[in-house]
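Please treat every number below as a calculation from the coordinates, not as lab data. Since we're looking at a predicted model, the values are computed, not measured. So basically every Cβ, Gly included, is an ideal-geometry build from the backbone, and we count neighbours across all protein chains shown.
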């Protein structure tokens, strides 16, 4: 029996019920495709005195097709940290990412180049455009940390040009709080509140991205109208 099933039996989980108009909502959404990102980065125990800046060590993205309610493509690269190249035991335990994986990974600049190539292939394959204000696709993250803080700061420190295609994105956590009027305990808690189970390993970037896409699908089914919540200054 899963933890969620047990919690339901004990009446410890409150499931949010919203009237669904999936077909109408899917048709009215401004985005046909959503690129869902969830970076994992170097991290330390709060008592560790040898802390450093966060460096991306896993760069995953899934492409969610709104009308079909499924993921149609995935990207994942492990990234080599150079400021603090040795992962802490805390980081490895939290993310499941090994020292060997990041040692064999690529530098951030190379990863961004590979991602751009993959992104272009998907856009050609599915006929995606990024025209504004109503584009066929956008990026999505659980909170603004990934694109607004982590990647931006790391690009600045390493003198890497911040990609222009990351100028706009939707903060799924912000939309969730606004739509359901709830403050969930992380992505796992948000899924539980709407009656979904987290699939995979928490803090695996690719699994987090997949589950964020699943949550977006449920939010659409429950009647949300998606929109970009953040505009990057590109600095």
- Note on the structure: On the formula 1/(1 + (r/R0)^6), with r taken between the Cβ atoms of residue 153 and residue 230 and R0 of 22 Å, the FRET efficiency rounded to 0.05 is 0.90
- Rounded to 0.05, the calculated FRET efficiency for the beta carbons of residue 83 and residue 174 at R₀ = 35 Å is 0.75
- How would you rank 61, 204, going from fewest to most other Cβ atoms within 10 Å of each one's own Cβ? 204, 61
- Under a point spin-label approximation (7 Å from Cα along Cα-to-Cβ), what is the residue 94-residue 145 distance to one decimal in nm? 0.7 nm
- Modelled FRET efficiency - R0 41 Å, residue 126 with residue 45, Cβ distances, 0.05 increments: 0.45
- Gain in span if fully extended, residue 165 to residue 69, counting 0.36 nm per residue against the direct Cα distance: 32.2 nm
- Rank these for me by crowding, 45, 171, 50, going from fewest to most other beta carbons within 10 Å. 50, 45, 171
- If we count other beta carbons within 10 Å of each Cβ, what is the order of 95, 212, fewest first? 95, 212
